[in-house]
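One structure below.
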């Protein structure tokens, strides 16, 4: 923690304040009929000590900040310091100015006001420091809380992206195992596709948005693998205008949506199916629409959006603070998922 | 020995065929794409053995087996390890986790023909139980066969269940269906927040209840939206109040 006196701005104010205060005290004493030398020495001795006491207070409180129930500590600290200053001032001034009997008696008689002023000034400084350090501590807490929140959010985002389906991996390996015997070239190709897919899945960072074209290429890998697994049953269609291909999106955002489309459209049906992915821009919002057929007899997509889509929704909320960026719609036997990605303008 | 392969992935069927080349005793008479085809093929050909995938379109492997009266020997082939316990409960010969090796496949076939298959089961079951995680989640649908047709009933469409000898009668808006299962099976697999066993022979979907009236001495009776009256025993009433939060 930094003490209030560590800031140069405060240090100037502090010094100026003591100059004014010291001058006032010197003028006051000379008004009582003492000469300039005496007035200046008195003021100097008193105020240098007071300044020292204030500096001491600001440093003590840096290491020990009284809790609410210990505010009497402020009083004791200020009273003790003021008492000590009074005794030291008296000792110094009586030693050096012992040839001035009228001043010595003035000094002895003026102790209540000297003590009172010291107590007031040191007390004010103490309270100021307590407030300062409390605010500093509060700021630090807030900063820590914000850091914790940010870390949790990052961890959650990371977890949401790490939803690689193990059965997809094992079934793909099984397909490769089958291809090794009959079509080794095709098996090798699929190993490469699977490796590229897995590598992409492991490496992507959430902070770095990627171009739509890059994400689509990655999805293509995934869909190619599924095409090998399911033969000619799966076909895909992508309809994107060229100008949106360079737009940026969070990585791995489309993946779970397409996986969900595959799950209902391909895993749960027996016919040949087409999954289509279209994109367009409206009011600087990139809209991507994934369509897949489903079997209304066996699956009911209206009933919950499935884990894949819940995680997408949660992620969109964490990224944009909005809950309206994912929409799903089921008509007859076509399920449509629309994701909206606001573009930075 | 006649065999049928039921799997929705062509390559998964292909590798089984390939592995079977060294087992000329086993002859593949048909390949099926899904459970519906599987039921038909099994009834038509009465095979001695089926290779069965679990996750398939329309109905899964277990649901398909439930529809067959006298099922043949089953070797499950799946990428999911969480079904191993269920597979052995359904008296499967073996449970092959994809991708499986030729050696592992040969062992499964060996086991089928082995006279001492019981000792083999004793050897492998603990291993399979170990690899299997807990039983899969709650059932969301029930598959029944009526007049040769297969019907899939989402659990929320069930009004109530009634014990009927060795069967359970499933009552829905469209009518009632018989299923060769026990009440305790449904008590374990249906969502306990939705279905309450109100009586030794009855289980009710709580969203269907409109009224609960006292009946005779210490019993109650639940009146459903459909007008059906379902008996509620003393213990069942306590459970019902618990779930309804009364």
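What follows draws every value from the coordinates through simple rules; no lab data is involved. In this text the structure is predicted, and so the values were computed from the model without any measurement. Cβ sites come from the backbone with ideal geometry, for glycine too, and all protein chains shown count toward neighbours.
Given a cut-off of under 8 Å on Cα pairs at least six residues apart, what relative contact order in percent is computed for chain A?
After rounding, I find 11 percent.
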With Cα coordinates, the longest principal axis of chain A makes an angle with the long axis of helix A:306-320, in degrees rounded to 10, of 40
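With r as the distance between the Cβ atoms of residue A:6 and residue A:282 and R0 = 41 Å, compute the FRET efficiency 1/(1 + (r/R0)^6) and round to 0.05. Intermediate values should be presented prior to the final figure.
On the way: r = 54 Å, r/R0 = 1.31.
Efficiency for this residue pair is about 0.15.
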Within region A:27-57, the residues whose backbone N lies under 16 Å from a label point placed 7 Å from the Cα of residue A:113 along the Cα-to-Cβ direction are A:27-35, A:39-40, A:42-44, A:46-47
Asserting the computed 222 nm helical MRE of chain B (DSSP H runs at least 4 long, -39500 (n - 2.57) per run, divided by residue count, to nearest 500) equals -9500 deg cm²/dmol
Helix-only [θ] at 222 nm, chain A, -39500 (n - 2.57) per DSSP H run of 4+, per residue, nearest 500, equals -22000 deg cm²/dmol
Listed residues A:227, A:263, A:70; largest mean-square fluctuation, Gaussian network over chain A with Cα springs below 10 Å, found at A:70
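Percent relative contact order of region A:50-150, based on C-alpha pairs within less than 8 angstrom and at least six residues apart?
Details: 53 pairs, mean separation 48.2, N = 101.
Taking the mean separation of contacting Cα pairs over the length of region A:50-150, I get 48 percent.
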Here, residue A:188 and residue A:35, labelled 7 Å along Cα→Cβ, have an inter-label distance in nm of 11.0
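Would you work out the relative contact order for chain B, in percent, from Cα pairs under 8 angstrom that are 6 or more residues apart?
10
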If one compares the long axis through the Cα atoms of helix A:36-63 with the longest principal axis of the Cα atoms of chain A, the angle in degrees, nearest 10, works out at 30
Quick calc: nm separation of the 7 Å Cα→Cβ label points for residue A:324 and residue B:241 -> 4.7
Which of B:141, B:17, B:173 fluctuates most in a GNM of chain B (C-alpha springs under 10 Å)? That residue is B:173
Expressed to one decimal in nm², the mean projection of the alpha carbon convex hull of chain A is 29.3
Rounded to 0.05, the calculated FRET efficiency for the beta carbons of residue B:140 and residue A:139 at R₀ = 35 Å is 0.10
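Multiply the residue separation of residue A:334 and residue A:63 by 0.36 nm, subtract the distance between their alpha-carbon atoms, and state the gained length in nm to one decimal. Please report the intermediate quantities before stating the final value.
Details: separation 271, 0.36 × 271 = 97.56 nm, distance 6.78 nm.
Stretched fully, the residue A:334-residue A:63 segment lengthens by 90.8 nm.
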Helix B:10-20 sits off the longest principal axis of the Cα atoms of chain B, rounded to the nearest 10 on a 0 to 90 degree scale, by 50
GNM of chain A, Cα pairs under 10 angstrom: of A:141, A:171, A:31, the biggest fluctuation goes to A:31
